[in-house]
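Asks: Sharing a structure here in structure tokens format.
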Amino acid sequence: MEATVVCVDNSEWTRNGDYAPTRFQAQADAVNLLAGAKTQANPENTVGVLTMAGKTPRVLVTPTPDLGRVLNSMQALEIEGEANLSSAVQIAQLALKHRQNKNQRQRIVLFVGSPIREDKATLVKIAKKLKKNNVAVDVVAFGSEGEEANTEKLEAFREAVNSGDNSHLVTVPAGTVLSDMLFSSPIFQVEGGAGYGAPAGGAEGGGVSGGYDFGVDPNLDPELALALRVSMEEERARQSAAAAATIEDAGAAGSSAAAAEGAAGAAPVAAAGDEAEAMDEDALLQQALAMSMQADQSGGGKAPAAAPAPAPAAPAADQDMALDAADDELQRALQMSMAGEGEASAAPAAGGGAPGGVADMLGDSDYLASVLGSLPGVDPSDPALQGALASLNSGAAGGGS
Amino acid sequence: MSASAGAELLDYISWPSVECLNAQPAHGAANALKQGYREDDGLWLESDTDEQLLLHIQFNQAVKLSGLVIKAEAGGTAPRTVKLFTNQPSLGFSEAASERPTQEFALSDDDLVGRPLTLRFVKFQNVTTLSVFIEDNRGGEDTTRVQKISLLGQPAEKMDVAAIKKVGEEEG
């Protein structure tokens, strides 16, 4: 929690146009942005504004949580005279000392866009006094007149006031956008690390992807986040299925028998229908799928990996024998499995591809459980759901036959 | 009334509002005020830019203060002049040095080992904020170290508003 007084440089020097549109206007934008960031970081933060130039430094707004008052005060500023840094800072300290809420820590943000009249020793003395009173000071130096002397003085000032790294000096070169440069500086960072920027706008470069899966804040767009997660899980399931198929195919020649067994294992769900035919269908489908996976991988991975598995199944079944001749083992495995299946032709397998694919996906209980588990309000272990799935499964297999 | 009549006022301190001006960030007020910390010889409160310290202690209800213990290591960094102010939460160093304190002490060797300072009880009857201003130290060193500060007294009102419970809940 913090009380901040912003010291605005409204001296004649700020008429300069080296920061678009003018030095003063650029500064006003930066102050508005800073006030917004401070008040948003904590509802009990307060911001005040003080002008340094003119007849005497003037407090326009005592520290207030009301952002509107700060923005209003910035509208009515007049450019006149020269900045009186030392008295301005001391007035700011008084304004902070009499803050309502003693829990707030005190901070002065000092905008310096004109040559500093005070000498280094005076500044250091003021800095020590500020430090003694637990006031942190952030200094924004801009403008090129007397830049070296200014930087030296301000650096000494910051050095003297700094306590536990709570004070900063930021020098903004001419030709840049003042508020943009400040936005990424430590002045805009809450003490303790987290920035104001991310929660405020979400547009801070590089800060977006931090902490969230897929770079999307689930709180902002839950539907998108859910869709992304489901898609991610589908892709993972597909990849693990592909890996399993590869292992099977790359195994010993008897692997096709294992595949057949797997098909048989999946078959019982179809027990209500024409048992023998359903078995044939399922086994064929498994095989076609395995082949398509193999074709995908032996093709150098150029096949669209994200395409649903059943789609490439039909062409893969057509060109089974013409597959990569080098892959002896696969060929042999295929032949054996074809022989094992007897007279089954590729055509019915292709015909039954689409519904069979769904049945296959539904038959994969792990995958199904993961998809269902990711849906809100669905309990995969619900017996009613299990029953529905079993009937759906048998229905799909029956439709395939 | 003797100073020892009062009990520790730890429970009545509003900790978030405790503020110590000119303390080193690594050696803050908690080191001298909080139970456990202040008994630890490795933890102390130390001034930063010069030898002065100004400690504002706010209470969460008005208290009556009867005694004050300031313990410090003997030597040049031990505090010497201590001024107490009541109910002036915005007190700064310049006012503390120039205004008339509620009570002023020059600490002796006995005081520094933990003998309670006796406060003028009538002047500390309705204290919501106590400011302890340590003006200088014994050896003219750059910094002042304080090992322990404890406040003795009693709450001004016997009723603790925060502890009031809803009537009738047990019966309901």
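Asks: With θ set to phi - 60° and the Karplus curve 6.51 cos²θ - 1.76 cosθ + 1.60, what are the ³J(HN,Hα) couplings of region B:128-137 in order, to the nearest whole Hz, using x for Gly and Pro?
Replies: With coefficients 6.51, -1.76 and 1.60, one gets 9, 9, 10, 10, 9, 10, 9, 7, 8, 10 Hz.
Asks: Here's something else I'd like to know. Using the Karplus equation 6.51 cos²θ - 1.76 cosθ + 1.60 (θ = phi - 60°), what ³J(HN,Hα) coupling, rounded to whole Hz, does each residue of region B:105-116 give in order, writing x for Gly and Pro?
Replies: 10, 10, 6, 9, 4, 5, 4, 6, 8, x, 6, x
Asks: Which residues' amide hydrogens lie under 5 Å from the amide hydrogen of residue A:61, considering only partners 5 or more residues apart or on another chain, with H built in the peptide plane?
Replies: A:49
Asks: Which whole-Hz couplings ³J(HN,Hα) result when phi for each residue of region A:56-73 is put into the Karplus expression 6.51 cos²θ - 1.76 cosθ + 1.60, θ = phi - 60°, listed in order with x for Gly and Pro?
Replies: Values, residue by residue: 8, x, 10, 7, 7, 9, 6, x, 9, x, 7, 4, x, 5, 5, 4, 4, 4 Hz.
Asks: May I ask for the equivalent-ellipsoid semi-axes of region B:3-171, computed as the square root of five times each C-alpha gyration tensor eigenvalue and listed largest first in whole Å?
Replies: 29, 17, 15
Asks: So, one more: Once amide H atoms are built 1.01 Å from N in the peptide plane, which residues 5 or more positions from residue A:139, or in another chain, come under 5 Å H to H?
Replies: A:110, A:168, A:169, A:170
Asks: Next up: State the percent of C-alpha pairs, over all pairs in region B:75-172, separated by a distance greater than 22 angstrom.
Replies: Details: 2106 of 4753 pairs.
Tail of the P(r) past 22 Å holds 44 percent of the pairs.
Asks: Further, regarding this structure: So what is the calculated 222 nm ellipticity per residue for chain B, using -39500 (n - 2.57) for each DSSP H run with n of 4 or more, over all residues, to the nearest 500 deg cm²/dmol?
Replies: -1500 deg cm²/dmol
Asks: Which length gain, in nm to one decimal place, applies between residue A:374 and residue A:189 when the Cα-Cα distance is subtracted from 0.36 nm times their residue separation?
Replies: Full extension from residue A:374 to residue A:189 adds 62.9 nm.
Asks: Leaving out ligands, DNA and RNA, what percent of the accessible area of region B:3-171 is carbon and sulfur, probe 1.4 Å?
Replies: Roughly 48 percent, rounded to a whole number.
Asks: Which FRET efficiency, nearest 0.05, do residue B:60 and residue A:25 yield, Cβ-Cβ r, R0 60 Å? List each step's numbers first, then the result.
Replies: Numbers: r = 47 Å, r/R0 = 0.78.
The pair residue B:60/residue A:25 has a calculated efficiency of 0.80.
Asks: May I ask you to list the lysines whose Cα is less than 29 Å away from that of residue A:131, ignoring any residue fewer than eight positions away on the same chain?
Replies: Of all the lysines, those that pass the test against residue A:131 - Cα under 29 Å, at least 8 places apart if same chain - are A:38, A:55, A:97, A:102, A:120, A:153, B:34, B:71, B:83, B:148.
Asks: Of the peptides A:142-155, B:145-158, how do they stack up when ordered by the mean number of other Cβ atoms within 10 Å, highest first?
Replies: Per-residue Cβ counts within 10 Å, averaged per peptide and sorted highest first, yield B:145-158, A:142-155.
Asks: Name the residues whose placed amide hydrogens come within less than 5 Å of the amide hydrogen of residue A:106, ignoring near sequence neighbours (fewer than 5 apart) on the same chain.
Replies: A:3, A:136
Asks: Put simply, what bits of region B:69-107 lose 30 Å² or more of accessible area when the other protein chains are there, versus the chain on its own (1.4 Å probe)?
Replies: Hits at the 30 Å² cut-off: B:90, B:93.
Asks: Give, ordered by residue number, each residue of region A:134-180 whose 1.4 Å probe accessible area is reduced by a minimum of 40 Å² on adding the remaining protein chains to the chain alone.
Replies: Buried by 40 Å² or more upon assembly, which counts only protein chains, are A:134.
Asks: Can you give me the C-alpha center-to-center distance between region A:79-103 and region B:85-154, rounded to a whole angstrom?
Replies: Here the two parts' Cα centres lie 29 Å apart.
Asks: For peptide B:41-50, compute the average count of partner chain beta-carbon atoms within 10 Å of each residue's beta-carbon.
Replies: Partner Cβ neighbours, averaged per residue: 2.
Asks: In addition: Give the B-A buried accessible area in Å², both sides summed, 1.4 Å probe, nearest 100.
Replies: It comes to approximately 1300 Å² buried between B and A.
Asks: Could I ask something else about it? How much accessible area per residue does chain B have, counting only protein heavy atoms and a probe of 1.4 Å, in square angstrom?
Replies: Dividing the accessible area of chain B by its residue count gives 48 Å².
Asks: Then there is this: Suppose R0 equals 41 Å; then what is the FRET efficiency for residue A:72 and residue B:110 from their Cβ-Cβ distance, rounded to the nearest 0.05?
Replies: Details: r = 60 Å, r/R0 = 1.46.
Step by step, r from the Cβ atoms, then E = 0.10.
The values are calculated or read from the model by the stated rules, or taken from the named source; none is laboratory data. Quantities reported herein were computed from a predicted structural model and do not represent experimental measurements. Every residue, glycine among them, receives a Cβ derived from its backbone with ideal geometry; neighbour counts consider all protein chains shown. Side chains included, ligands, DNA and RNA excluded: accessible areas come from the protein's heavy atoms. Shrake-Rupley method; radii C 1.70, N 1.55, O 1.52, S 1.80 Å.
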